[in-house]
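Undergrad: Sharing a structure below in structure tokens format, with a few things to ask.
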Amino acid sequence: QVQLVESGGGLVQPGGSLRLSCAASGSNFGINTMGWYRQAPGKQRELVARITRGGSTLYADSVKGRFTISRDNAKSTVYLQMNSLKPEDTAGYYCQANVVVAETGFEYIYWGQGTQVTVSS
């Protein structure tokens, strides 16, 4: 079984920065694409950014130039550096990972429990 544990959320003023982390733990697994999604109250969950194992990235238009996704494959960890935060960035942020189970070779999607980001003065 694989677990994803997020950290780094909180309350920040507009224009501020936060760094989210998501670490995968377990045994006998590999990770392909990792990503961050967010969901605001009353809205659908949306992709924020994702990164392949090789480092290719994709960003939502709303965060381009402000957010940076990165990963440390040796630590099975993905990061989201969020700069120039806006009130509209307020949401629950969720880590997602495409996990390959060694025993079967099958790929499964795992989600973290979420971390709240609130941007407010």
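Undergrad: Suppose each label sits 7 Å from its Cα in the direction of the beta carbon; what would the residue 102-residue 60 distance come out to in nanometres?
TA: 3.5
Undergrad: May I ask you to give the percent of accessible area on the chain that is carbon plus sulfur, with a probe radius of 1.4 Å?
TA: Accessible surface attributable to carbon and sulfur in the chain totals 47 percent.
Undergrad: If I take every Cα pair under 8 Å that is 6 or more residues apart in segment 2-121, average their sequence separation and divide by the length, what percent do I get for the relative contact order?
TA: The value is 36 percent.
Undergrad: To continue, here is another question. Search the structure for amide H atoms under 5 Å from the amide H of residue 114, placed 1.01 Å from N in the peptide plane, and list their residues when 5 or more places away or on another chain.
TA: HN-HN under 5 Å from residue 114: 6, 95.
Undergrad: Ok, one more. Can you give the accessible area per residue of the chain, in Å², using a 1.4 Å probe?
TA: It amounts to 53 Å² per residue over the chain.
Undergrad: For residue 43, go through the lysines and keep the ones whose alpha-carbon is under 22 Å away, minus same-chain ones fewer than eight residues off.
TA: 64, 86
Undergrad: Here's a follow-up. Rank these residues by their accessible area, most exposed first, probe 1.4 Å: 121, 21.
TA: I get 121, 21, largest accessible area first.
Undergrad: In the chain, with Lys and Arg counted as +1 and Asp and Glu as -1 at Cβ, which of these residues, 60, 14, 32, has the Cα nearest the positive end of the dipole, that is, farthest along it?
TA: 14
The values are calculated or read from the model by the stated rules, or taken from the named source; none is laboratory data. Since the model is a prediction, treat every value here as computed from it, not as a measurement. Counting neighbours? That spans all protein chains shown, and the Cβs are built from the backbone with ideal geometry, glycine included. Remember, those area values only see protein heavy atoms, side chains included, never the ligands or the DNA or RNA. Shrake-Rupley method; radii C 1.70, N 1.55, O 1.52, S 1.80 Å.
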